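See below for the structure under consideration.
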Amino acid sequence: MAKLRSLPLPFLLLFVLLPFSRAEIKNLQIRSDTRSSILFEKFGFNHRGTVSIALSEAAFPSADPSMLGFFLLSDESLFQAIYESQNNGSPENYPGPNPSCVLNSPYVKLLFTFTELSAAGTFNKSYPVTHPDEYSLFFASCAPDTTISMNVHTEMFNIDPDGTKNYLSVGQSAVPTIYTVSAIAYFVFLAAWLYLSLIQNRLTAHRIHHLMSGLLLVRSLYLLSAAEDQHYIRVTGLSHGWDVAFYLFQLLKGVLLFAVIVLIGTGWSFLKPFLQDKEKKVLMVVIPLQVVANIASAVIGETGPFIMNYVTWNQIFLFVDVACCCAVLFPIVWSIRTLRETSKTDGKAARNLAKLTLFRQFYMVVIGYLYFTRIIVYALKTIASYKYRWVSVAAEEAVTLAFYLYMFYMFRPVERNQYFVLDEDEEEAAELALREEEFEL
């Protein structure tokens with residue numbers, strides 16, 4: 001792929017798999033950068049889209065300005081270029097003094113080269129986008145070993161039918177509504193849970209149930225801040241401070257969710273009033289990992305793919321998130337094994353069978369939830385058309401709400417639940433079931 005040699009294949013693959021970004025007005029500083037290509041932004045346009053670019057303090061010592069420039073590349077054109085490269089496309093077929101430079105490729109929409117900059121190194125212009133597609137904004141340098149410094153201001157938006165600017169990508173326009181509806185659902189959920197745990201079954205509520213109340217509150221506030229964040233970005237292109245609340249509640253939500261899963265898995269407060277040392281160690285590992293994961297998420301969300309360590313931050317987030325998902329399963333497995341051993345000696349078969357069944361179900365549901373939200377949702381973001389990126393958000397919120405409903409229902413505070421089954425007939429049936437069922441994971 002000679003005409004796209006300035007963009008190495010790993011970078012192109014990253015470009016294909018890159019999730020959409022959040023804000024569409026960005027002010028970026030590039031200092032002494034030697035990269036041959038920089039991906040600034042990815043955005044889904046309708047037939048009334050606009051790209052606006054302003055440069056200032058641009059400096060590129062001893063470089064040919066015609067070899068430096070900005071261009072748009074659509075997903076459709078990228079796939080065409082990759083296909084042709086596999087069929088031995090020849091750079092001699094393309095115009096320009098340097099046919100191997102990506103700026104001369106027929107697959108890119110060239111916006112401008114640095115020959116159009118003023119003597120002071122400034123530039124400001126808007127470009128219409130009339131062909132609907134998902135485009136990425138690139139800077140390319142076809143001059144080897146060139147060091148570039150510049151301040152870049154970019155705006156990407158579509159014009160809605162009512163004439164207003166929409167700074168959200170086509171596939172994200174419905175996201176604020178999804179978050180708003182989800183926030184309302186969780187506030188209703190929280191009110192019902194507080195009535196159940198503080199009024200109706202106040203005497204049977206344990207500390208874990210109050211921690212679960214805190215989780216619901218933080219989840220509700222997270223969705224509310226996410227809805228406001230996306231709304232202001234859609235209207236103005238900026239989050240107006242809601243991104244701070246968004247990342248704060250995202251951190252608290254992640255820490256509390258994994259802590260609740262771990263504590264339920266250990267049976268803390270409703271089966272036993274204390275944690276074993278190994279269970280405390282799991283919490284001591286999961287909570288810091290969640291902090292690191294959320295820091296990586298904030299860096300990814302607030303900077304974008306133009307930073308040099310963007311891939312590294314993505315790898316950190318992926319590794320830490322997978323580590324957390326694995327760690328929270330250990331306490332559930334330990335509880336299941338402990339209950340299996342206890343059932344052979346304590347003579348309370350019915351209770352142990354109920355606990356084993358419940359913990360086994362919880363183990364499977366947690367695995368299903370983590371698998372869907374980490375793998376299936378990412379697959380939806382990757383393979384879905386840019387027009388339907390909101391589907392992955394809706395699917396994630398729907399599955400998360402279903403998981404919360406299941407977890408809170410199964411471990412709700414009630415006087416007589418699955419932990420306290422004492423009928424003699426049930427006891428005999430449970431003993432038989434425990435002999436036949438090994439509850440292997």
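Being open to solvent by less than 60 Å² (accessible area, probe 1.4 Å) and not in a loop (DSSP other than H, G, I, E, B) is a property that does not hold for SER126.
Give the number of residues within segment 196-211 that are in a helix (DSSP H, G or I) and either polar (S, T, N, Q) or modelled with pLDDT of 95 or more (or both).
3
Filtering TYR409, TYR369, TYR378, TYR388 for residues that are closer than 18 Å to ILE332 by Cβ and open to solvent by 30 Å² or more (accessible area, probe 1.4 Å) leaves a single hit, TYR409. Scan segment 38-79 for residues that are closer than 25 Å to GLY237 by Cβ, over 25 Å from the mean Cα position of the chain (by Cα) and open to solvent by 10 Å² or more (accessible area, probe 1.4 Å) and the total you get is 8. Considering ALA183, ALA143, the condition of being in contact (Cβ under 8 Å) with a residue 40 or more places away in the chain and assigned to a loop (DSSP other than H, G, I, E, B) is satisfied by ALA143 alone.
Could you go through segment 49-57 and let me know if any residue there is of a type outside the set (A, V, I, L, M, F, W, C) and without any contact (Cβ under 8 Å) to a residue 60 or more places away in the chain. No: segment 49-57 contains no residue that is of a type outside the set (A, V, I, L, M, F, W, C) and without any contact (Cβ under 8 Å) to a residue 60 or more places away in the chain.
What pairs can you find where one residue is in segment 387-405 and on the phi < 0 side of the Ramachandran plot and among the aliphatic types (A, V, I, L, M), the other is open to solvent by less than 40 Å² (accessible area, probe 1.4 Å) and assigned to a helix (DSSP H, G or I), and their Cβ atoms are less than 6 Å apart, with a gap of 6+ or different chains? From residues that are on the phi < 0 side of the Ramachandran plot and among the aliphatic types (A, V, I, L, M), the pairs are VAL393/VAL175; VAL393/ILE178; ALA394/ILE178. Taking the conditions (1) over 30 Å from ASP229 (Cα atoms); (2) out of contact with any helix residue (DSSP H, G or I) (no Cβ under 6 Å at 6 or more places or on another chain); (3) open to solvent by less than 20 Å² (accessible area, probe 1.4 Å) in turn, PRO331 satisfies each one other than (2). Applying a threshold of 9 Å to beta carbon distances and a minimum spacing of six or more residues, or different chains, the list of pairs starting in segment 258-273 at a residue that is on the phi < 0 side of the Ramachandran plot and hydroxyl-bearing (Ser, Thr, Tyr) and ending at one that is open to solvent by less than 10 Å² (accessible area, probe 1.4 Å) and modelled with pLDDT under 85 reads THR266/GLU279; THR266/PRO331; THR266/ILE332.
The values are calculated or read from the model by the stated rules, or taken from the named source; none is laboratory data. Just so it is clear, the model here is predicted, and its values are computed rather than measured. Note that we place each Cβ from the backbone using ideal geometry, even for glycine, and neighbour counts take in every protein chain shown. To get the accessible areas, we keep the full protein, side chains included, count just its heavy atoms, and leave off ligands, DNA and RNA. Shrake-Rupley method; radii C 1.70, N 1.55, O 1.52, S 1.80 Å.
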